[in-house]
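Asker: Have a look at this one.
The values are calculated or read from the model by the stated rules, or taken from the named source; none is laboratory data. What you see is a predicted model, and the numbers here were worked out from it, not measured in a lab. Please note: Cβ atoms are built from the backbone with ideal geometry, for glycine as well, and neighbour counts cover all protein chains shown. Side chains included, ligands, DNA and RNA excluded: accessible areas come from the protein's heavy atoms. Shrake-Rupley method; radii C 1.70, N 1.55, O 1.52, S 1.80 Å.
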Amino acid sequence: MQRFPRLRACGAALCAAVLLWGCASPGRSLPVPSAPVAQLAWIDRLSWGVSSDTVDQVDRVGLARWIDDQLRPDIAGAPLPPAAQQKIDAMSISAEPGGALALRLDAQRRAADALPEEGERLAARQAWQQALGQAGRETQQRFLLRALYSPDQLREVMSWFWANHFYVSVQKTRALLADYEDRAIRPHALGRFRDLLGAVELHPAMLVYLDNPQNAAGRINENLAREMMELHTLGVDGGYTQGDVQEMARVLTGLGTNLQPLDAPPPRLPPALAGQWVRRGVFEFNPARHDRNPKTLLGAPLHASGLAEVDEALDRLARAPATARHISRKLATYFVADDPPPALVERMTRTFERTDGDIAAVVRTMLGSPEFTASLGRKFRDPLQYAIGSVRLAYGDRVASDIGPLMGWVNRLGEAPHAHDTPDGYPLRQQEWASAGQMNARFDVARSLGSNGAVLFRAEPRAPLEKPPYPAMAQAEAVRRIEPTLGAATRQALAKAASVQDWNTYLLASPERMYR
């Protein structure tokens with residue numbers, strides 16, 4: 001990445017007026033810059049990228065009010081543009097919310113397996129696999145539509161941050177992933193960490209992804225317990241032991257899934273356990289599979305039993321000092337710097353502990369810091385930020401008819417939503433994304449979007465392109481606003497562009513567009 005110098009236009013020149021802020025306390029408006037150019041850097045960092053529509057929002061209410069609204073969005077959320085919402089409403093994942101889709105698809109699988117004739121059975125199983133694949137693709141496409149067009153941009157950014165932190169793979173959870181996003185992640189993305197933790201760890205998608213339905217008394221599976229402590233809460237340096245992992249795995253015994261029809265009878269249980277059985281949609285706690293022996297976690301005994309024991313353990317993990325530090329450091333890594341300043345992480349940690357894990361308050365502490373201001377324009381965009389931000393800059397709130405090309409671009413760049421190989425999620429640091437191959441791929445994406453962006457607006461994939469087949473980026477209000485931040489070399493390249501397509505490509509592939 002040596003040939004792409006760090007963007008400095010939003011450094012001292014844009015941030016000097018706000019560099020000496022202290023930490024903003026909860027409830028106080030952030031002292032944001034008034035200069036339009038400096039405001040763009042804030043918008044770029046707290047959204048999926050500058051767009052004319054988001055710039056208009058900030059112009060209407062002011063940057064400070066916009067940030068306050070982003071930190072505390074309405075529970076229902078601001079509506080998407082009708083064309084985007086219609087596309088989401090037409091998806092199968094919207095027609096069958098909650099666990100209904102998973103229940104139907106499992107019934108479809110069982111019906112296919114029961115067919116006596118081999119040819120019919122194979123055809124039915126292929127139809128089932130296609131329906132599973134459709135659910136996974138739709139969840140990925142829905143994420144992209146929300147990232148592109150939701151007015152609640154920070155909630156969408158934070159939803160992605162948490163979905164990547166509490167990672168589950170689309171390949172293993174296709175029928176459950178949409179519900180995981182909607183019920184476990186998005187409602188808590190700016191709420192209390194303990195609520196988020198409970199929603200995530202007990203969601204069927206997480207249980208399936210980390211094999212907890214196989215975790216039973218006498219047959220312990222440690223996968224969920226280990227990742228819960230190493231990745232989700234305490235962190236690898238959080239002071240827990242292998243014994244703690246084993247104890248947590250015992251706590252999690254009996255947590256699993258039930259894909260039988262909702263009116264199916266409960267399992268046969270001894271009278272002493274029958275009242276402890278819990279089923280909520282696809283989620284099931286089976287007390288007959290739960291290890292009921294005493295347990296000690298992080299040096300102290302657990303006192304509850306059954307499903308309440310899980311809640312007690314999650315309380316302990318959520319409120320551990322190591323968790324406050326781990327989450328604060330990861331937020332600062334994503335939003336501020338690959339190696340965040342320890343003093344900033346410490347202030348965020350104190351806010352986390354003081355507010356009992358109020359995520360919005362922790363983010364506000366970060367936004368009110370001089371370290372955050374100094375970082376503007378210097379944080380490398382990961383592939384999703386680059387691809388989504390490029391489409392937002394090129395087309396604003398014009399809703400894509402076909403999201404397929406954008407899916408192709410993020411696949412080409414190596415960060416398709418929910419498609420990482422391992423439970424640690426996609427990396428957050430520049431060194432993981434700044435290879436020569438990545439830069440070549442970004443230039444290809446810039447050329448495709450800059451020259452043939454109309455592929456996003458075809459009524460169907462093979463339909464003819466509209467004329468002109470490229471966006472008029474030089475005329476877009478957001479592009480006009482960012483032009484003063486471009487370096488001399490980029491402005492010279494744009495001045496020599498031989499066509500609109502070349503101008504678009506040079507802008508989207510410029511060093512400045514690699515940073516936010």
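Asker: For the chain, the longest stretch holding no GluC sites (Glu not before Pro) located in a DSSP loop with at most 15 other Cβ atoms within 10 Å is which?
Answerer: 118-465
Asker: Solvent-accessible area per residue for the chain at a 1.4 Å probe radius, Å²?
Answerer: Spelled out: the 1.4 Å probe surface of the chain, per residue, equals 41 Å².
Asker: Where the convex hull is taken over the Cα atoms of segment 128-283, what is its projected area averaged over directions, in nm²?
Answerer: 11.3 nm²
Asker: In addition: Which translational diffusion coefficient, to the nearest whole µm²/s, is obtained for segment 339-471 from the Stokes-Einstein equation, given a Kirkwood hydrodynamic radius over C-alpha pairs, 37 °C and 0.692 mPa s?
Answerer: 188 µm²/s
Asker: Note down the accessible area of Y240, probe 1.4 Å, to the nearest 10 Å².
Answerer: 50 Å²
Asker: Expressed in whole Å with the largest first, what are the equivalent ellipsoid semi-axes of segment 83-141 derived from the C-alpha gyration tensor as the square root of 5 times each eigenvalue?
Answerer: In descending order, the three semi-axes are 27, 12, 7 Å.
Asker: Still on this structure, I have one more. Mind jotting down the distance between the C-alpha centroids of segment 418-432 and segment 331-394, whole Å?
Answerer: 18 Å
Asker: Using the Cβ atoms and a cut-off under 10 Å, what net charge is assigned to the surroundings of V282, where Lys and Arg are +1 and Asp and Glu are -1?
Answerer: Surrounding charge for V282 is -1.
Asker: On a full-extension model of 0.36 nm per residue, what is the gain between D263 and A498, subtracting their alpha-carbon distance, rounded to one decimal in nm?
Answerer: Between D263 and A498, full extension yields 77.9 nm more.
Asker: Considering the zone a paramagnetic label at S94 would reach in this model (a point 7 Å from Cα along the Cα-to-Cβ line), which residues of segment 144-171 have amide N under 16 Å from it?
Answerer: Answer for this model: 144-151.
Asker: Considering segment 223-307, what Rg and Dmax in Å follow from its alpha-carbon atoms?
Answerer: 14.9, 45
Asker: May I ask for the distance between the Cα centers of segment 272-320 and segment 71-106, given as a whole number of Å?
Answerer: First find each Cα centre; the distance between them is then 31 Å.
Asker: Hey, got a sec? Which trypsin sites (Lys or Arg not before Pro) in segment 111-205 land in a DSSP loop and have at most 16 other Cβ atoms within 10 Å?
Answerer: K172
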